[in-house]
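Single-structure report; data block below.
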Amino acid sequence: MAEAVIELRGIVTRFGKRVIHDRLDLAVHRGEVLALVGGSGCGKTTLLREMIGLQRPAAGVVRVFGQDPDRLRGAERAALRRRWGVLFQHGALFSALPVADNIAFPLRETRLFAAAEVARLVARKLAQVGLPPDTGDLLPAALSGGMIKRVALARALALEPELLLLDEPTAGLDPLASEQFVSLIQALRAALGLTVVLVTHDLDTIRDLCDRVAVLADRGVAALGTLAQITAVRHPFIQEYFLGTRGARRVAG
Amino acid sequence: MAAIGAATARREPQLRPLAAGAGWQLAGDWTLAQLAPRLRELRRKLAATSAAGSWELDGLTALDSAGALLLLEAWGGTLPAALRAPERQRLLLEEFAASAPPPKLRRARPSPAGLVAALGDRVLTASGQLGAALALLGQLLLELVAVAAVPQRFPARELSATLYKAGLLALPITGLVGLLIGVVLSYLSALQLKLFGAETFIVDLVGLATARELGPLLAAILVAGRSGSAMTAELGVMRLTEELDALRVMGVSPFRRLILPKVLALGLLMPLVAFWTSLCGIVGGMLVADLELGLTFGQFLSGLPGAIPLGTYWLSLWKSLAFGLVVGVVACFYGLRVQPNTASLGAETTRSVVASITMVIAMDALFAVAFRDVGWYG
């Protein structure tokens, strides 16, 4: 069995009296692409936030690279945080900074590189996500939806993470842009050996990109496995989601 | 977990001279995470190498952009002739070396011609702003006429909401500030008046100063800071989130629905708030007059009608109306100028408050000169 990059055990999440996760277990293996799938409000994004320590579960253990992000302090915590990159749903680019400064921001924070080196690395990151170098001068407000995602991805990759977390990477993109984004992530994963966890609603993305799928339902992981294994599970949500008329077309395709 | 620890054990990046001949050998992970703690030392070692020698990279377990950048810098930007590297690593290095040098991120330094251009730019921006402000005023007047023709289309609910938020909820703070200013004014004057034995003139001094100047001015400044800034930010965010466009699409004019009621409400509530602030200022003055000069409340109050003629009240009411309209128009003007980024939202809000307070004070000076003969006895 492959090594676990992220390990969740007995996660309980509550919003007020509403229980979102009840003793949820999940492990993400090194080098795989895992999709978190589930109905609206089943806590996909919340789970993602708990993995990276933005939110603390009411109970349970979170381990990323064998360490609990919540327990670490200071330099250790910073070192762990550098090992993952996060692509937020709406990009979360710093709106007051041009694209190049957005990507340069985490690099400058390390204080390891001279200005010329930072510029060189920024140009490299822009090329990696398939953007022309002159994109660097634009402000985030001037970018299209697909470009925002690419710039956010470049920023997430700036510190050469081993683990990439994507929240709805293809939401709001047209089919072509979303297909291009999926192949971009595939290429980057092959080149950089990334482990990827993504939250998505998009069946095409799941089919083309993901090694395994975790279906969140009934306050836990209802099913976990390859797409073929998942669709064989007799669960009302899964049957409806993957094998409804719309889904069946995609899964078969 | 032990197995995981062993599997994630990382290989330190290493740089060793070759045993035979001029050359170097790399080993370990040349990745940012591994390089970071040893960067200074490795840079020093790399600086002592030369691209002319042979380089053996077979021992590399990993290489990322940061590692490639360091190596290429040591090699002077091109791959050494005698390079032995795994296919993937070589590809990365070649790609990096071939990539275009990054475009300049920063703009050119200011030159004299640039300064002139900047000045011209400012003038053009300023005149453009003036034009935009006039256009906003004109648009508001047109909306007012349109609404007057069809009174049932008047956004009464928004008007009342603004009256409540910017007026009623502002009463505690304006009252407190008015009271305190009244206390300060009265206390300072009492000390002076005592010297001349002119204690009863405290009524004239405090009454006139608060009713004619301080009440309207303080009320306008506080409302500008409290509600003007809020209006700018609110309109700005609505612009960013395309809510204004949504209104337009539904055939609802944002000018009529959002801006007109705000401006009118500020015009209506400002005289009331100003009157209240003056009142509190007089109460503050009266308290100090009692404590410092032994002037009873009764004596103070019976002196007031003789000190403040009715004209002064009218003057300060009209003045406050003008202040309110100006604060509203300025706040909405800057709200509509917000660009889609966080810095602009903050900058325009600041500008809105500074501009409206400056304009209020400038207008107060104008009023003082223009109506110097109004509202005095004798």
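Gyration tensor analysis over the Cα atoms of the stretch A:124-247 returns equivalent ellipsoid semi-axes of 31, 16, 12 Å (largest first, whole Å). Averaging the Cα positions of each part gives two centres, and for the stretch A:12-31 and the stretch B:158-177 these lie 46 Å apart.
The slack between B:E12 and B:R351, meaning 0.36 nm per residue of separation minus the straight C-alpha distance, is 116.6 nm. When each of the peptides B:126-136, B:210-220, A:112-122 is scored by how many other beta carbons lie within 10 Å of its residues on average, the order from highest to lowest is B:210-220, A:112-122, B:126-136. Sites listed here are trypsin sites (Lys or Arg not before Pro) in the stretch A:49-98 whose DSSP assignment is loop and whose Cβ has at most 12 other Cβ atoms within 10 Å: A:R71, A:R73. Partner shielding of B:55-66 amounts to 3, given as the average count of beta-carbon atoms from other chains within 10 Å of each residue beta-carbon. The residue among B:S229, B:L291, B:G303 whose Cα reaches farthest toward the positive pole of the charge dipole of the stretch B:155-370, with charges on the beta-carbon of Lys, Arg, Asp and Glu, is B:S229. About its Cα centre, the dipole of chain A is roughly 580 debye, where the only charges are +1 on Lys and Arg Cβ and -1 on Asp and Glu Cβ. I'd like the distance between the alpha-carbon centres of the stretch B:246-322 and the stretch B:346-371, rounded to an integer number of Å. Value for the Cα centre distance between the two parts: 17 Å.
Spin-label model, B:E73 to A:R18: label points 7 Å out along the Cα-to-beta-carbon direction sit 5.0 nm apart. Of the DSSP H helices in chain B, those with a Cα length along their own long axis of 27 Å or more and a mean Kyte-Doolittle hydropathy reaching 0.5 comprise B:112-149, B:171-196, B:260-288, B:310-336, B:342-370. With a Förster radius of 22 Å applied to the beta-carbon distance between A:A115 and B:S111, the computed FRET efficiency rounds to 0.50. Model label points for A:A58 and B:L91, set 7 angstrom from Cα along the Cα-to-Cβ axis, are 4.9 nm apart. Note on the stretch B:10-98: the alpha carbon radius of gyration divided by the globular reference 2.2 N^0.38 Å gives 0.96. Within the stretch B:10-98, what percent of beta bridges assigned by DSSP are antiparallel, to the nearest 5? Given both bridge residues lie in the stretch B:10-98, the antiparallel proportion sits at roughly 30 percent. Backbone N atoms of the stretch B:198-228 closer than 14 Å to the 7 Å Cα→Cβ label point of B:L291 are not found in any residue. Rg ratio for the stretch A:33-159: its Cα radius of gyration over 2.2 N^0.38 Å, N being its residue count, equals 1.17.
Report summary: the helix-based calculation at 222 nm, which adds -39500 (n - 2.57) for every DSSP H run with n ≥ 4 and divides by the residues of chain B, gives -21500 deg cm²/dmol.
Applying 0.36 nm per residue to the separation of A:R219 and A:A92 and subtracting their alpha-carbon distance, the gain on full extension is 42.9 nm. Note on the protein assembly as shown: Rg/Rh from Cα positions, Kirkwood definition for Rh, rounded to two decimals, is 1.13. Modelled label positions at A:D70 and B:A161, each set 7 Å beyond Cα in the direction of Cβ, lie 3.9 nm from each other.
Which is the longest run of chain B containing none of the chymotrypsin sites (Phe, Trp or Tyr not before Pro) found in DSSP loop states (not H, G, I, E, B) with at most 15 other C-beta atoms within 10 Å? In chain B, the maximal stretch lacking such sites is B:1-375.
With distances taken between every two different alpha-carbon atoms, the stretch B:155-370 has a Kirkwood hydrodynamic radius of 18.3 Å. Between B:L72, B:L171, B:L325, the Gaussian network model of chain B with springs among Cα atoms under 10 angstrom shows the greatest mean-square fluctuation at B:L72.
The protection proxy used here, the mean number of other Cβ atoms lying within 10 Å of each residue, ranks peptides A:148-160, B:345-357, B:137-149 as follows, highest first: A:148-160, B:345-357, B:137-149.
Read the figures in this text as sums done on the coordinates, not as results from a lab. Owing to the predicted nature of the structure, the values given are computational and were not obtained by experimental measurement. Cβ sites come from the backbone with ideal geometry, for glycine too, and all protein chains shown count toward neighbours.
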